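Asks: What follows is a single structure, and I will ask about it in a moment.
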Amino acid sequence: MNHISVIMNNKIMWVSLLAWVLAQAAKIIINFLLEKEWDFKLLVSSGGFPSSHTAIVSALAISIGKYEGWDSSLFAISVALAVIVMYDAAGVRRAAGNHARVINYLVEWMRQHQADRLASNLQQERLKELIGHTPFEVFGGAILGCVIGLIF
C-alpha cells in the first residue's frame, strides 16, 4: 500500500486544512474591507478574526464525528483537543500577547526617556503582540470550522 496516496486521500485531514485556509483567507478579506489594503502576510499570521486554530480543530472534530460516529473515542479525543486549543487561544496566548504589548511599551518608554543605562542595552526587536484571540474570534473560528466540517 502506498502511504502517500493513503495520506492524500484522507478526507478528514483535507477538510480540516480547508477550514484553516478559509479562516486565514477570511482575515485577508476582512482586513481589506476594514483597512482598504491587501495584507497577504495575514495568510500565515496568528491572531485575528476568525481563529484559524479553532477552525481547524472544529472541522476536525465535526468530520471525525460524521465519519467515525458521534459516540466514538476518536470524536471524544478530537473534542477534548478542540477545547484545549480554544482555551489556549483565548486564554494563554491572548495573555501572552497582552504581556508583549506591555513589555514593548516599557522598552519604548525606556528608550525615549533613557531610563538609566538599561535602556541603551535593549537591542531586542518588538515582541509579537497579536498571538491570541478574543472569545468572539474563537467563536467565529468554531462556527467556520463546524460549517466546513458539516458541508464537506
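Rule-based calculations on the coordinates, nothing more; no lab input. These numbers were taken from a predicted model, which means no experiment stands behind them. For neighbour counting, all protein chains shown are included, and Cβ atoms are generated from backbone atoms with ideal geometry for every residue, glycine included.
Asks: Leaving out same-chain residues fewer than 8 places away, which lysines sit with a Cα under 21 Å from that of residue 36?
Replies: 27
Asks: Any idea what the dipole of the chain comes to, in debye rounded to 20, about its Cα centre with Lys/Arg Cβ at +1 and Asp/Glu Cβ at -1?
Replies: I would put it at about 160 debye.
Asks: Let me ask you something else. Which of the helices in the chain meet the span-like rule: DSSP H, Cα axial reach of 15 Å or more, Kyte-Doolittle mean at least 1.0? The partial results should precede the final answer.
Replies: Numbers: long enough: 11-35 (35 Å, 1.46); 52-68 (23 Å, 0.68); 73-87 (21 Å, 2.43); 93-113 (30 Å, -0.81); 135-151 (24 Å, 1.92).
Correct list, ordered by number: 11-35, 73-87, 135-151.
Asks: Cβ neighbours within 10 Å, averaged per peptide: list 37-45, 144-152 in order, most packed at the top.
Replies: Output ranking for 37-45, 144-152: 144-152, 37-45.
Asks: Counting only helical runs of four or more DSSP H residues, what would the 222 nm mean residue ellipticity of the chain come to if each run contributes -39,500 (n - 2.57) and the total is spread over all its residues?
Replies: -22500 deg cm²/dmol
Asks: For residue 11, go through the lysines and keep the ones whose alpha-carbon is under 20 Å away, minus same-chain ones fewer than eight residues off.
Replies: Answer for residue 11, where 20 Å is the Cα cut-off: 66, listed by chain and number.
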